[in-house]
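Only one structure is covered here, and it is reproduced in the block below.
Read-outs: derived from the displayed coordinates by stated rules, not from any lab. Just so you know, these numbers come straight off a predicted model, no measurement behind them. Cβ placement follows ideal geometry from the backbone for every residue including glycine, while neighbour counts extend to all protein chains displayed.
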Amino acid sequence: MPYCRECGAKMIYDRDTRSYVCPGCGLTYTTQDLLIESRKTLGERVEENRRRRKYAEYLDWWTSSKK
Ligand SMILES: [Zn+2]
């Protein structure tokens, strides 16, 4: 079961509209929306890791150059 990206509530599948509805804020997702959303999240996660690694390298350089 997917979670709402706005409020984090568990989303409920509505068979009539074939989409997920958030009981917390009323947001609706179609299954297509969810696919796009999960892909985006993965891409953002990769980007975040890359940024974090770069910062760690910078810290290494900074601390070693101070010696
Ligand atoms: Zn919500």
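Observations on the model:
- Neighbour cut-off at most 11 other Cβ (10 Å), DSSP loop, GluC sites (Glu not before Pro), the chain: E6
- Percent breakdown of C-alpha pair distances by 5 Å bin, ordered from the shortest bin, for the chain: 4, 16, 17, 14, 10, 8, 8, 7, 6, 5, 3, 2, 0, 0
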